[in-house]
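Shown next, in structure tokens, is the structure this report addresses.
The values are calculated or read from the model by the stated rules, or taken from the named source; none is laboratory data. Since the model is a prediction, treat every value here as computed from it, not as a measurement. Methodologically, a virtual Cβ is constructed for each residue, glycine included, from the backbone with ideal geometry; neighbour enumeration extends over all protein chains shown. We work out accessible area using only protein heavy atoms, side chains counted, and drop any ligands, DNA or RNA first. Shrake-Rupley method; radii C 1.70, N 1.55, O 1.52, S 1.80 Å.
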Amino acid sequence: MTTSIDVVGGSTDSPYALTHLDALESEAVHIFREVAGEFERPVILFSGGKDSIVMLHLALKAFAPAAVPFSLLHVDTGHNFPEVIEYRDSTVSQHNLRLHVASVQEYIDAGTLRERPDGTRNPLQTVPLTEAIQQHRFDAVFGGGRRDEEKARAKERVFSLRDEFSQWDPRRQRPELWQLYNGRHAPGEHVRVFPLSNWTELDVWQYIQREKIELPQIYFAHEREVFARDGMWLTAGDWGGPKDDESVETRLIRYRTVGDMSCTGAVDSDATTLDAVIAEIAASRLTERGATRADDKLSEAAMEDRKREGYF
Amino acid sequence: MTSTADPAGQLAEQLSATTLLRFATAGSVDDGKSTLVGRLLHDSKSVLADQLEAVEHASRSRGQEAPDLALLTDGLRAEREQGITIDVAYRYFATPRRRFILADTPGHVQYTRNMVTGASTAELTVILVDARNGVVEQTRRHAAIAALLRVPHVVLAVNKMDLVGYEESSFASIAEEFTAYASELGVPEITAIPISALAGDNVVDASANMDWYGGPTVLEHLETVPVSHDLTGCHARFPVQYVIRPQTAEHPDYRGYAGQIAAGTFRVGESVTVLPSGRTSKIAGIDLLGSPVDVAWTPQSVTLLLRDDIDISRGDIVVPSGDAPATTQDVDATVCHVADTPLTVGQRVLLKHTTRTVKAIVKDIPSRLTLDDLSQHPAPGRLEANDIGRVRVRTAEPLALDAYADSRRTGSFLLIDPADGTTLAAGMAGEAFAAAETGPAQDDEGWDF
């Protein structure tokens with residue numbers, strides 16, 4: 001890059017310029033308030049992961065000093081990290097929220113869902129999720145999905161209409177113009193809403209730092225018993241790992257994303273503080289999902305296929 | 001892949017960027033748009049190792065020798081299978097100076113509505129031209145849409161300069177012709193840059209092949225283009241989204257009007273009028289997401305507290321008392337029709353303007369615009385998918401609508417099908433082009449959107 005910069009002139013430091021974090025925050029709050037104004041039964045998908053934690057934080061700010069006018073829904077795979085479930089429950093009670101839980105384990109116990117040969121439960125979430133949406137008649141479902149995560153998600157609208165089967169059809173999406181979100185839907189249909197669409201992984205971490213948001217400890221470096229599978233470190237535990245030919249070792253690791261234990265990989269890290277985590281992500285040459293998600297490696301279109309079926 | 005020699009330095013760089021620019025690209029497939037986008041992402045080191053590895057793998061399995069950077073931007077199964085781009089995708093990258101949100105719009109399939117979608121939130125549009133072909137019909141359509149949507153900055157990227165021997169004369173004549181055309185439409189600022197997206201000339205790094213060019217590279221321009229924050233001349237507008245009433249022991253009487261400031265600034269103590277009712281009050285306080293402030297401006301999301309307990313609800317617009325727009329039930333506008341079913345005279349629709357949705361009826365479609373030559377085809381009776389035309393809409397309730405020329409946010413609206421919720425049209429109130437002389441009406445044979 002050349003060094004001469006003042007070509008087309010003009011400072012961007014107007015007193016009215018918003019920083020990128022302020023602009024993203026304002027946009028997300030606008031989205032939360034649009035949903036509150038237009039829908040009858042919205043719900044926030046809350047997993048205890050950093051994106052859903054940031055979503056909840058934004059919702060708290062959007063309606064302050066009143067309470068958040070939405071309940072929470074967690075799809076519990078039965079293979080969640082105990083630290084995350086603990087965080088989820090303490091957050092719910094701290095803010096006096098209502099939590100709905102859709103349990104993959106209950107579906108397996110009832111024989112409605114069958115365990116996959118590879119032990120991964122992430123794809124199994126779709127049925128409990130969509131049935132919970134129908135059962136509770138939720139008409140707007142907030143998700144923490146970001147367009148920078150994955151190429152199919154780059155095509156996702158902020159307001160994404162789903163039919164009564166929760167299906168996403170990328171070729172039949174409503175054009176989304178200006179900041180005019182169209183939430184019209186027929187009974188039985190619902191809208192998935194993504195307030196963090198325009199945020200990147202780094203934006204999320206910088207915002208967590210700026211807002212001093214508390215996170216589950218597994219996002220920071222700690223020692224854990226893990227084993228290697230498909231080039232990732234998976235947590236050893238009751239969920240079914242390791243197999244006989246896989247060996248457990250104790251390593252200093254942290255999690256970059258938090259999902260199901262059976263498919264979320266840890267990264268080697270000594271980052272114990274937010275500063276260190278941010279430095280590590282900024283320097284990383286791997287994307288968030290590329291580094292830590294087994295389910296996206298199943299095929300070139302794994303995310304698109306799951307989204308079409310109703311997954312986030 | 002450029003290696004990262006100095007992670008700490010790179011970190012400081014990435015974290016120092018604090019302003020955000022939203023921009024869009026326009027160009028047909030053969031103009032090299034995907035290559036330009038891929039080059040911008042790649043050369044600004046925004047492509048990570050696993051993404052590049054996936055592209056290399058996919059390129060090899062298709063029998064291509066070099067990694068096809070276009071595969072970075074084709075996210076859907078059908079796009080990869082067919083080698084086309086189906087829909088607008090949004091990309092994110094950062095440099096030491098700025099963060100960018102790129103609306104990557106496809107070149108040909110359902111072309112107009114996708115470009116309108118991308119341009120509606122963009123502060124800058126990059127229009128690509130093949131240096132060998134110069135300004136063609138498609139280029140004029142791109143310029144017309146950028147002018148219609150009032151995108152403040154337009155970049156003409158004259159691509160494939162390597163195929164015309166990097167000659168200054170080729171570039172100069174194209175830039176001159178385009179600038180004359182776009183200025184006539186009222187495009188306020190045009191920057192022409194000679195590039196080769198394939199070879200990397202003037203995209204991120206300055207070209208050694210065109211020492212006659214003294215201007216910025218595409219990326220330098222994106223990094224330094226001033227984003228308009230001069231709010232002093234703007235009409236302040238605050239659409240009410242939601243009424244916040246905690247009714248708790250701690251806040252028994254709190255009644256706040258939540259919304260995102262659509263234009264201008266608001267101050268505590270200011271006299272305001274609520275539209276469409278016309279009731280007046282004074283701003284008693286402004287909460288910026290939980291903290292009180294004295295002044296707030298667009299696009300901050302805030303909560304206004306008023307001195308008087310007056311009836312205000314979602315859909316109302318708060319404005320300074322001395323600067324209220326007229327309210328009207330008759331909307332004259334230019335629309336881009338974005339649905340597959342046509343828009344017809346007499347059709348009943350819903351009109352969504354800021355936070356207000358009202359019943360409306362299409363009273364008249366006086367003309368359809370031919371973007372090729374900007375001529376008006378009179379009384380077409382209907383607008384088909386991707387058509388742009390003038391409409392007259394009668395609304396069931398009065399709206400406080402600004403001209404789109406004055407405010408992209410409060411001058412824009414959607415037409416929605418009340419039966420199934422389909423978004424039918426993107427509307428812009430008032431005059432279509434800033435400076436265009438509309439030519440005499442003529443036959444529009446050859447209209448081929």
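For the reader, a short list of remarks on this structure follows.
- Within the stretch A:262-283, backbone nitrogen closer than 16 Å to the virtual label 7 Å beyond the Cα of A:GLN209 toward Cβ: A:270-283
- Chain A: relative contact order in percent, alpha carbon pairs under 8 Å with at least 6 residues between: 19 percent
- Residue list for the stretch B:321-335, given a label point 7 angstrom along the Cα-to-Cβ vector of B:SER271 and an amide N cut-off under 18 Å: B:321-326
- Note on B:ASP294/A:ARG137: beta-carbon distance plugged into 1/(1 + (r/R0)^6) with R0 of 45 Å gives a FRET efficiency of 0.55.
- Contact order normalised by residue count of chain B, Cα under 8 Å, 6+ apart, percent: 12 percent
- Put simply, when B:285-295, A:219-229 are sorted by average Cβ atoms within 10 angstrom per residue, most first, you get A:219-229, B:285-295.
- A cut-off under 14 angstrom between Cβ atoms defines the neighbours of B:ASP253, and their net charge, with Lys, Arg +1 and Asp, Glu -1, is 0.
- Whether the stretch B:137-250 is rounded, prolate or oblate, judged on the alpha carbon gyration tensor where a/c under 1.5 counts as rounded: prolate
- Reachable lysines, given that their alpha-carbon falls under 27 Å from the alpha-carbon of A:LYS212 and they are not under 8 places away in the same chain: A:LYS50, A:LYS61
- Accessible-area value, B:VAL227, 1.4 Å probe, nucleic acids and ligands omitted, Å²: 20 Å²
- When chain B is treated as a GNM with alpha-carbon contacts under 10 Å, the residue of B:ARG394, B:ARG307, B:ARG132 showing the greatest mean-square fluctuation is B:ARG307.
- Nearest-ten-degree value, helix B:49-61 long axis tilted from longest Cα axis of chain B: 60 degrees
- Each Lys or Arg adds one and each Asp or Glu subtracts one; over the other residues with Cβ under 12 Å from the Cβ of A:ALA276, this totals -2.
- Euclidean distance of C-alpha centroids, the stretch B:376-437 and the stretch A:163-206, integer Å: 23 Å
- Electrostatic bookkeeping for B:ARG140 treats Lys and Arg as +1 and Asp and Glu as -1; over the other residues with beta carbon under 13 Å from its beta carbon, the sum is -4.
- Each distinct pair of alpha carbons in the protein assembly as shown adds a 1/r term; the inverse of their mean, the Kirkwood radius, is 27.2 Å.
- Point-charge dipole on Cβ atoms (K/R +1, D/E -1) for the protein assembly as shown, about Cα centre, debye to 20: 1920 debye
- Dipole moment magnitude, nearest 20 debye, the stretch B:170-264 about Cα centre, only Lys, Arg, Asp, Glu C-beta charged: 720 debye
- Helix-only mean residue ellipticity at 222 nm for chain B, each DSSP H run of n ≥ 4 adding -39500 (n - 2.57), per residue, nearest 500: -6000 deg cm²/dmol
- Estimated inter-spin distance, A:ASP118 and B:GLN64, nm [label 7 Å along Cα→Cβ]: 2.6 nm
- DSSP beta bridges confined to the stretch B:152-237 are antiparallel in about 10 percent of cases.
- Projecting the Cα positions of A:ASN122, A:PRO242, A:HIS185 onto the charge dipole of chain A (unit charges on Cβ atoms of Lys, Arg, Asp and Glu, taken about the Cα centre) puts A:HIS185 furthest along the positive direction.
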